[in-house]
Structures are given as C-alpha cells and as structure tokens.
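The values are calculated or read from the model by the stated rules, or taken from the named source; none is laboratory data. Small disclaimer: the values here were computed from a predicted structure and weren't measured. Neighbour counts run over all protein chains shown; Cβ positions are idealised from the backbone, glycine included. The area values use the complete protein model at the heavy-atom level, side chains included, leaving out ligands, DNA and RNA. Shrake-Rupley method; radii C 1.70, N 1.55, O 1.52, S 1.80 Å.
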Amino acid sequence: MKIKEFKNLFFKELSDVYPETEIQSFFNILIEFKLNLSRIEVALQPNFNIEKSELDFLQKALSNLKKLIPIQYIIGETEFYGLKFEVNNSVLIPRPETEELVSWIITSTPLSDQLKILDIGTGSGCIPISLAKNLPNAEIYAIDISKEALEIAKKNALKNKVTIHFIEADILTLNEFPQQFNIIVSNPPYVRELEKDQMQQNVLANEPHLALFVANENPLLFYDKIADLAKKQLTKNGELFFEINQYLGEETVNLLKDKGFKNIELTKDIFGVDRMIKATN
C-alpha cells in the first residue's frame, strides 16, 4: 500500500473518534516510529510503498486507536524531559505537568551539590531518571509498590544510562528508611473517585487505577503519609516536592503547615491550575 493510501484510510477510520489535529499527530508519530519518515518526507514521497510487515503493524495500531488505546502504549514508548521512556499499561504515561515538577527541582538545586534524592511512587521512573541525567552528583532512590512498574523503571534507567536505587515497597506501610535525604519528591495517586467523569475515556480504560485514584473521603492519604516520613527522613532544610490535585491546593498546603514544614510554595502548571508544592523541613 502507498503511504498516501494508508493516510486516507487512517483519517477516514478515525474521523468519528478523534479531532483532525489529533489524528494527524497520531499519523506522524506512527510513521516516524515505524518507517522513520518525517512529516516533510511523507509529503514529498506520497507514493512511498509500505512493506507488508510494516503495514501489518500500522493497521494494528489503527485498530487499537479506534479502541481508544493511548498511542504511547501502542508504540511502547514516550518522551519525557527530552528522554525516551518505555511505557506499558503497568505505568502511567508521563504528563507535561510532571516535567514542570522535575524542572522546578533541577532549577532549585545547585549542580555541584552531593545530594540524596528519593522519588516515591516512581512508575516508569521518569522523575528520578530525568533528575539523574541533570543532577549528576546526586544519589537517587525510587520506590514503588508495583513489581511490574519497577521492571519498566529499571529498563528505562538502563536505556538512559543512569543509576537509580529501586525499592519495592508500599509507602503506606513503610515507617522509615535507613538513610536521610536532601530532597523527597512524589507524584502520588490524587484523583478522587468523584472526578472520574472529568477524565478521558482512554485514560480510564487503559492506565493503572492504582497509580491514579484515591477515595473521596481521604484524598490526601498519600500526602499525609509521605509528609510524616519526610519530616523524619529529610535533612535539616531538606526539601519536599509534590505534584497535587488541582482542586486541593489549599488543603495540601494546610496539611504541610500543620506538620511543621516551612517556606511552603504552591505553584500553577502550564494550564494555569494549582499543580505543585515545595516545602522545607
């Protein structure tokens, strides 16, 4: 099949499911991933012939997109903070807002400092790996309850040539670590069950609910536990960074105040909503 024929089919099949701009984005991602052709090269070579093995992959991808499976899971990778990460449905797909959290940590931290950093609920490993690439003097630890997520995170650390100390544990039952940290960061589950109807169907149907949702009656469960741990495990003037629920900014700030943290900063993300908090021990 010629690439122009596949493109016509692709747009026709997805036109009732996604907006045109998103379909174009999916098409560009798939063609570059499988055929190593840029958007300009596709435009210049409309009669490019797609081999059968490549066409089989692209047609299966089209079928999966119609089922609302995220493009990142279809190709098995995504980009975060300029790095490539393997992803599957055992881990959340990293979000742009989390890149902002990583950037805040990096810009707040002198490159020369010898630091110990802990990431809680690491998932794909996007936070600790991005920090390791940009803070080469830091010794970085990462914890997750999911064995499957940690397998992906370990692959991503190897892929990006960094050393991370991975720990499999349930943060809600953990009372202490054997060492102190200069920085603790976490993007824990924070979406309340009542907010499910605001989420896209492809997220609800495919991404791990364990990493997304908390009960309506105790939405700050993880923040409460992590803050208690951070009070014990952070060095003097050590820093705690959180990604948060946009509707619970004030409540999260008050929780940290009540626990004795100081210099608490609540920051908005690129979409203009409360998304990140930094606090000092």
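Among (1) of a type in the set (Asp, Glu); (2) touching a residue at least 60 places away in the same chain (Cβ under 8 Å); (3) open to solvent by less than 30 Å² (accessible area, probe 1.4 Å), where does residue 144 come up short?
(2)
One residue is enough: does region 142-155 have a residue meeting the conditions at pLDDT below 95 and over 22 Å from residue 242 (Cβ atoms)?
Taking every residue of region 142-155 in turn, none turns out to be at pLDDT below 95 and over 22 Å from residue 242 (Cβ atoms).
Just to be sure, is residue 221 touching a Pro at 6+ places or on another chain (Cβ under 9 Å) and at pLDDT below 90? So that I can check it myself, show each step before the final result.
On the way: touching a Pro at 6+ places or on another chain (Cβ under 9 Å): yes; at pLDDT below 90: no.
It is false that residue 221 is touching a Pro at 6+ places or on another chain (Cβ under 9 Å) and at pLDDT below 90.
Residue by residue, here is whether (1) in a loop (DSSP other than H, G, I, E, B); (2) open to solvent by less than 40 Å² (accessible area, probe 1.4 Å); (3) of a type in the set (S, T, N, Q); (4) closer than 24 Å to residue 230 by Cβ holds:
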{"position": "54", "(1), (2), (3), (4)": "no, no, no, no"}
{"position": "105", "(1), (2), (3), (4)": "no, yes, no, yes"}
{"position": "127", "(1), (2), (3), (4)": "no, yes, no, yes"}
{"position": "130", "(1), (2), (3), (4)": "no, yes, yes, yes"}
{"position": "140", "(1), (2), (3), (4)": "no, yes, no, yes"}
{"position": "151", "(1), (2), (3), (4)": "no, no, no, no"}
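Yes/no per residue for (1) at negative phi; (2) over 21 Å from the mean Cα position of the chain (by Cα); (3) surrounded by 20 or more Cβ atoms within 10 Å (Cβ to Cβ); (4) among the small types (Gly, Ala, Ser):
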| site | (1), (2), (3), (4) |
| --- | --- |
| 221 | yes, no, no, no |
| 228 | yes, yes, no, no |
| 234 | yes, yes, yes, no |
| 242 | yes, no, yes, no |
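Please find, within region 244-257, the residue that is farthest from residue 108 (Cα to Cα) out of those that are open to solvent by less than 40 Å² (accessible area, probe 1.4 Å) and in a loop (DSSP other than H, G, I, E, B).
We begin by selecting, within region 244-257, every residue open to solvent by less than 40 Å² (accessible area, probe 1.4 Å); these are 244-245, 248-249, 252-253, 255-256.
If we keep only those that are in a loop (DSSP other than H, G, I, E, B) as well, we get 244-245, 248.
Values: 244: 19, 245: 22, 248: 24 Å.
It comes out as 248.
If you take the residues of region 1-16 that are modelled with pLDDT of 95 or more and hydrophobic (A, V, I, L, M, F, W, C), which of them is farthest from residue 63 (Cα to Cα)?
3
Do we have any residue at all in region 270-281 that's touching a Gly at 6+ places or on another chain (Cβ under 9 Å), part of a strand (DSSP E or B), basic (Lys, Arg) and at pLDDT 95 or above?
Looking only at region 270-281, we keep the residues that are touching a Gly at 6+ places or on another chain (Cβ under 9 Å), and these are 273-275, 277, 280-281.
Now drop any that are not part of a strand (DSSP E or B), which leaves 274-275, 277, 280.
The next check asks that each one be basic (Lys, Arg); those that pass are 275.
So of that shortlist, the ones also at pLDDT 95 or above come out as 275.
Scanning region 270-281, I find at least one residue that is touching a Gly at 6+ places or on another chain (Cβ under 9 Å), part of a strand (DSSP E or B), basic (Lys, Arg) and at pLDDT 95 or above, so the answer is yes.
Please find, within region 107-125, the residue that is nearest to the chain's Cα centre (by Cα) out of those that are among the hydroxyl-bearing types (Ser, Thr, Tyr) and surrounded by 18 or more Cβ atoms within 10 Å (Cβ to Cβ).
Among those residues, the one meeting the criterion is 124.
If residue 91 passes every condition in (1) over 13 Å from the mean Cα position of the chain (by Cα); (2) crowded, with 22+ Cβ neighbours inside 10 Å; (3) hydrophobic (A, V, I, L, M, F, W, C) but one, which one does it miss?
Every listed condition holds for residue 91 apart from (1).
Go through the residues of region 194-204 one by one and say whether even a single one is under 20 Å from residue 135 (Cα atoms) and touching a residue at least 40 places away in the same chain (Cβ under 8 Å). Quick ask: steps written out before the conclusion?
Residues of region 194-204 that are under 20 Å from residue 135 (Cα atoms), as a first pass: none.
No, region 194-204 contains no residue that is under 20 Å from residue 135 (Cα atoms) and touching a residue at least 40 places away in the same chain (Cβ under 8 Å).
Which of the residues spanning region 161-204 are out of contact with any helix residue (DSSP H, G or I) (no Cβ under 7 Å at 6 or more places or on another chain), in a helix (DSSP H, G or I), open to solvent by 30 Å² or more (accessible area, probe 1.4 Å) and over 22 Å from residue 126 (Cβ atoms)?
173, 193, 194, 197, 198, 201, listed by residue number.
Filtering region 56-86 down to residues that are among the polar types (S, T, N, Q) and not in a strand (DSSP E or B), which residue is surrounded by the most Cβ atoms within 10 Å (Cβ to Cβ)? Spell out how you get there, then give the answer.
The initial filter retains those residues of region 56-86 that are among the polar types (S, T, N, Q), namely 59, 63-64, 72, 78.
Of the ones still in play, those that are also not in a strand (DSSP E or B) are 59, 63-64, 72.
On the way: 59: 16, 63: 12, 64: 15, 72: 22.
The selected residue is 72.
Testing residue 28 on (1) surrounded by 15 or more Cβ atoms within 10 Å (Cβ to Cβ); (2) in contact with a Ser or Thr (Cβ under 9 Å, 6 or more places away or on another chain), one condition comes back false. Which one is that?
Unmet for residue 28, out of (1) surrounded by 15 or more Cβ atoms within 10 Å (Cβ to Cβ); (2) in contact with a Ser or Thr (Cβ under 9 Å, 6 or more places away or on another chain): (1).
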